[in-house]
Amino acid sequence: MCIFCKIINKEIPASILYEDEDVFALLDIAQVTDGHALVMPKEHVDNILDCPPVLLSKIISVTQMLSKDIVSKLGAKGVNVLTNANPAAGQSVMHFHMHIIPRYHEHDGLILKFKENPTPELKKIQDILKK
Ligand code: 5GP
Ligand code: ZN
């Protein structure tokens, strides 16, 4: 059983923020910034690529609700909401979770950098994706 399944089953303690029949939310142990939270399905799915759409929409709704709480109650000025899918994208726990990372200013705990590469052949990629 994965570590998040154990937390959901209350075999491992965690700072739980929200729980319903399908969705579970807790504070990330590492706290990139104060209030860094994770929202996940109770059912084990590896990542967003495997998540059934109806379950995904429930997770997104809870993510929005908690993001609003974080802004209003912790005084964050914004949030980054992201998910990593597969190790190539930085996923370290293979149980789907959304990160909510509160942002207090541009130079706090999170550095998100989109590297600018020379523009590839967009038409070729577009053609593949539209097929
Ligand atoms: P990923 O790298 O898979 O996108 O994110 C996994 C996250 O889970 C990391 O931010 C890490 O700090 C968090 N994490 C790993 N183990 C535990 C744990 O036992 N408890 C809690 N609350 N968070 C954990
Ligand atoms: Zn799991």
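Structure data summary
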read-out	value
Only Lys, Arg (+1) and Asp, Glu (-1) charged, at Cβ; the chain dipole about Cα centre in debye	420 debye
Placed amide H near residue 79: partners under 5 Å, 5+ positions off or other chain	103
Karplus-derived 3J(HN,Hα), 6.51/-1.76/1.60, for each residue of the stretch 64-72, Hz, glycine and proline x	5, 4, 5, 4, 5, 4, 5, 5, 6
Residues whose placed amide H lies under 5 Å from that of residue 24, excluding near-sequence neighbours	40, 42
Per residue accessible area of the chain, 1.4 Å probe, in Å²	66 Å²
Under 20 Å from residue 58, Cα to Cα: lysines that are on another chain or at least 8 residues apart	42, 68
Cross-link reach list, aspartates and glutamates versus residue 73, counting only Cα pairs under 12 Å and skipping chain neighbours closer than eight places	34
From phi via Karplus (6.51, -1.76, 1.60), per-residue ³J(HN,Hα) for the stretch 26-32 in Hz, x at Gly/Pro	8, 7, 5, 5, 8, 6, 3
Dipole of the chain [Lys/Arg +1, Asp/Glu -1 at C-beta], most positive-end residue of 71, 5, 88	88
Sequence-distant lysines (8 or more away, or on other chains) whose Cα lies within less than 19 Å of residue 130	none
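The values are calculated or read from the model by the stated rules, or taken from the named source; none is laboratory data. Every value quoted in this text rests on a predicted model; they were computed, and no experiment measured them. Quick reminder, even Gly has a Cβ in these numbers, built from the backbone with ideal geometry, and neighbours come from all protein chains shown. Note: accessible area is taken over every heavy atom of the protein model, side chains too, but ligands, DNA and RNA are not part of it. Shrake-Rupley method; radii C 1.70, N 1.55, O 1.52, S 1.80 Å.
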